[in-house]
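Okay, structure first, notes after.
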Amino acid sequence: MALLVTGAAGFIGSNFLLDWLAQSDERVINLDALTYAGNLDNLASLQNDARHCFVKGDIGDFDLLSRLLADHQPRAVVNFAAESHVDRSIHGPEAFIQTNIVGTFRLLEAVRAYWSHLVGEAKNSFRFLHVSTDEVYGSLAQGEAAFTETTRYEPNSPYSASKAASDHLVRAYHHTYGLPALTTNCSNNYGPYHFPEKLIPLVIHNALAGKPLPIYGDGQQVRDWLYVTDHCSAIRCVLEAGRVGETYNIGGWNEKPNLEVVHTLCAILDELKPRIDGQPYLAQITYVADRPGHDRRYAIDAGKIERELGWKPAETFESGIRKTVQWYLDNQSWVHNVTSGAYKKWVGQQYGT
Ligand code: NAD
Ligand code: DAU
């Protein structure tokens, strides 16, 4: 038995892999292109673990995927691989179209060919799980009901539009070809191995480096935060018991304005690692120009996965955010490697690219 997991050198994928192998001996084939966001340091603890097979490659490479599927005969494919940062999608949408849309299409084609040749129980029990985002639903006004699985898609950024397109492809492959696919739409994750381009790790990193803590616009945009291992446990639930063809929203009922999140991070840092000049980290907050097309509010109604699959998050925002700050304080060398370019250099030496 094996799983093929794409993008498992990234933030959520590596947490998923570590979590999976902590509770199961089922082998995982990890296909990751090692873009700037992919980092094998995240998986250092699995270096000599025969249950983890790492393959550097692109989800857009149909031939490679076909070979991997034929060689390893996975019982499921979980697709995390994506370009994931909204700001980067605004500066350069091309990579988002290539990976999130064309890449997902090629992956679906390879998986469809593999699945159509399976027989009996192997065919019946096969699953394709596509990991998506709440951003496909667009932006909510204050007081508006949280996103449910039937909320209309209204993506506003090149990133969310590319994810929406990939969700539609997955849906179409189920409806047209019968591919046993499932889609999850999750809210904002945070936790270990989060690349410091995203709000929470960026603020922790900048605070410790004495740099400004950039707040876009008025800082009153609301995100719904979920600790990353709770996302991982939800994906496990959907993989094992989700109804084929369905979508499941995943979230922690933790809506917070950005400014409040940054204040919380500053207060925890003041306590765990006070500034040497005795000033509060809040002093580093700097208001900067807003993100173009910035979505005002996301909120996930996670009622369906809770009712149907009995999933519940284990962490509160308070417990998760404290663990996260502590992890970054304890893992400064990881942060240094991903921010200094040392990791990129290592990839070049290791893979000759
Ligand atoms: P990430 O950017 O940290 O990691 C993405 C991973 O995919 C990296 O390891 C990268 O090397 C790999 N990758 C990129 N292009 C690839 C390609 N063409 N072929 C193979 N691998 C490729 O992203 P993340 O935050 O871990 O997000 C993972 C998934 O979860 C994404 O699909 C994202 O849309 C979704 N998601 C993220 C969040 C969040 O808050 N981070 C929330 C909901 C959903
Ligand atoms: O909602 C799920 C999505 O969450 C995922 O699909 C994306 O992959 C993930 O990147 C995340 O998107 P966001 O745009 O919400 O995350 P980000 O960390 O970039 O920003 C969070 C909020 O903080 C957002 O309102 C923008 C704001 N922000 C962000 C940065 C990087 C700032 O105010 N300052 C900053 O420097």
Checklist entry - Once phi is turned into ³J(HN,Hα) by the Karplus curve 6.51 cos²θ - 1.76 cosθ + 1.60 with θ = phi - 60°, what whole-Hz value does each residue of region 300-305 show in order, with x for glycine and proline? => result 9, 8, 9, x, 5, 5
Item to check | Contact order normalised by residue count of region 55-210, Cα under 8 Å, 6+ apart, percent | outcome: 27 percent
Checklist entry - So what J values fall out for region 128-134 if you push phi through Karplus, 6.51 cos²θ - 1.76 cosθ + 1.60 with θ = phi - 60°, rounded to Hz, Gly and Pro as x? => result 10, 10, 9, 8, 10, 10, 6
Next on the checklist: If the only charges are +1 at each Lys and Arg Cβ and -1 at each Asp and Glu Cβ, what is the size of the charge dipole of the chain around the Cα centre, to the nearest 20 debye?
Outcome noted: 420 debye
Checklist entry - For the residues Trp225, Trp327, what sequence is obtained by ranking on other C-beta atoms within 10 Å, fewest first? => result Trp327, Trp225
Next on the checklist: Please list, ordered by chain and number, the residues whose modelled amide H lies under 5 Å from the amide H of Arg27; skip anything fewer than 5 residues away on the same chain.
Outcome noted: Leu3
Checklist entry - How about Lys256: which lysines have a C-alpha closer than 17 Å to its C-alpha, ignoring those fewer than 8 places off in the same chain? => result Lys198
Item to check | Distant-in-sequence amide H partners of Val78 (H built 1.01 Å from N, under 5 Å) | outcome: Leu4, Val5, Thr6, Leu129
Checklist entry - Which of the chymotrypsin sites (Phe, Trp or Tyr not before Pro) found in region 12-114 are in a DSSP loop and have at most 16 neighbouring Cβ atoms, other than their own, within 10 Å? => result Tyr36
Item to check | Packing-based exposure ordering (other Cβ within 10 Å, fewest first) of Thr151, Thr133 | outcome: Thr151, Thr133
Checklist outcome for this item: Checked the chain against the a/c 1.5 cut and the a/b vs b/c comparison, axes a ≥ b ≥ c from its Cα gyration tensor; verdict prolate
Checklist entry - Which distance in Å, rounded to a whole number, links the C-alpha centroids of region 175-224 and region 53-76? => result 28 Å
Item to check | Viscosity 0.692 mPa s, temperature 37 °C, Stokes-Einstein D of region 1-132 from Kirkwood C-alpha radius, µm²/s | outcome: 218 µm²/s
Checklist outcome for this item: Computed ³J(HN,Hα) along region 76-82: with the Karplus parameters 6.51/-1.76/1.60, θ = phi - 60°, integer Hz and x for glycine or proline, the list is 7, 10, 10, 9, 9, 4, 5
Checklist entry - When a footprinting reagent is the concern and you count Cβ atoms within 10 Å, what order do Val5, Val288 take, fewest first? => result Val288, Val5
Checklist outcome for this item: Interchain or sequence-distant (5+) residues whose placed amide H lies within less than 5 Å of the amide H of Cys186 are Ser132, Thr133, Asp134, Ile250
Checklist outcome for this item: Dividing the helical contributions, -39500 (n - 2.57) per DSSP H run of n ≥ 4, by the residues of the chain yields a 222 nm value, nearest 500 deg cm²/dmol, of -13000 deg cm²/dmol
Checklist outcome for this item: per DSSP, antiparallel bridges as share of beta bridges in region 195-353, % nearest 5, sits at 40 percent
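Coordinate-derived values only; no laboratory data. What you are looking at is a predicted structure, and each value in this text was computed from that prediction instead of being measured. All Cβ positions, glycine included, derive from the backbone under ideal geometry; neighbour counts span all protein chains shown.
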